[in-house]
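First comes the structure, then the notes that go with it.
The values are calculated or read from the model by the stated rules, or taken from the named source; none is laboratory data. Predicted model, so just to flag it, every value in this text is computed and none were measured. Because the Cβ atoms are built from the backbone with ideal geometry, glycine has one as well, and the counts that use them run over all protein chains shown. The protein model used for the area step is the full one, side chains on, heavy atoms only, and it has no ligands, DNA or RNA in it. Shrake-Rupley method; radii C 1.70, N 1.55, O 1.52, S 1.80 Å.
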Amino acid sequence: MKRTLVVVAILLVPFFALAASYVDNQYQKLAEAYTVRAEKAFEEGEYDLAVEYTVKAEENAELSRQYVEMMMMRADADTQIRVALNRLVWARSIKADENFPDLYQRSFELVQQAQAAFSGERYEEAKSLALQSMDALAGLQEMEEERKRLEDERRRLEEEALAAARAKEAEEAKKAAVPAGTYPEYYIIHDWYKTKDCFWNIAAKPFVYNDPFKWEVLYNANRGVLENASNPDIIQPEIKIRIPSLAGEVREGTYDPNLEYEVFKLK
């Protein structure tokens, strides 16, 4: 009888160590209480009662072990479901629900099934379904990168085709140059840091006066459009200035960089 009690006590030690994180469960407390009673009955010579208490200690120890396993599986399933839900949030952030709707919907349905299994306390099934949900999105990062690469390649080809078409149009426009002796009448000011547009530099342009010293002609003709008419050095981008005829030359339209103009020569 004493040997039986010693074996039971030895068997219970590793279990109680495993259950440390759930030490408050009722089965473990009962197992411990019955163990104490069994030891006391044994010491008092009540061997049959000691055996009865030992059996009850073993039964509750087993129930406690099952409870701990269930709680550990519950915690594991809960963790996996949370990870799967976060994975779905990430998938939406890269628009997987739009770009890969079948994969996303499959993963979403599996998470829902996992949550339903969890609510029904089928924790092992819930964990399995959560893992399947994540597996459904496996390789999504690589697929998204490939989709983006193809999209970038398509966009690049479209831009190249558009640039080629514009270049062709510009070339054709150049061939249709303005009539000889015709020059632009207007010029739109651009940002100084890009074109260095000022009255001095504009007057120096071949299609304007081909002479920077004629800047005052432009300045005087356009005082009305300047923000500060008393300061010719301040000229705002995007305003349109007029280029007066200097020697009776024909001036029409606004300067077009795609057209070829003759070099102005003062006769």
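Here are some notes:
- Condition check for Thr195 on (1) modelled with pLDDT of 90 or more; (2) of a type in the set (S, T, N, Q); (3) exposed (fewer than 15 other Cβ atoms within 10 Å of the Cβ): one failure, at (1).
- Every residue from the stretch 145-173 that is without any contact (Cβ under 8 Å) to a residue 12 or more places away in the chain and not charged (D, E, K, R): Leu150, Leu157, Ala161, Leu162, Ala163, Ala164, Ala165, Ala167
- Among the candidates Ala229, Ala247, residue that is within 16 Å of Phe207 (Cβ to Cβ) and assigned to a loop (DSSP other than H, G, I, E, B): Ala247
- Residue count, the stretch 57-94 (criterion: aliphatic (A, V, I, L, M), open to solvent by less than 40 Å² (accessible area, probe 1.4 Å) and over 28 Å from Arg106 (Cα atoms)): 3
- Residue within the stretch 129-138 that is out of contact with any helix residue (DSSP H, G or I) (no Cβ under 9 Å at 6 or more places or on another chain) and at pLDDT 90 or above present: no
- Selection within the stretch 211-257 - surrounded by 11 or more Cβ atoms within 10 Å (Cβ to Cβ) and on the phi > 0 side of the Ramachandran plot: Gly253
- Within the stretch 140-151, considering residues that are within 25 Å of Ala114 (Cβ to Cβ) and surrounded by 12 or more Cβ atoms within 10 Å (Cβ to Cβ), the one modelled with the highest pLDDT: Leu140
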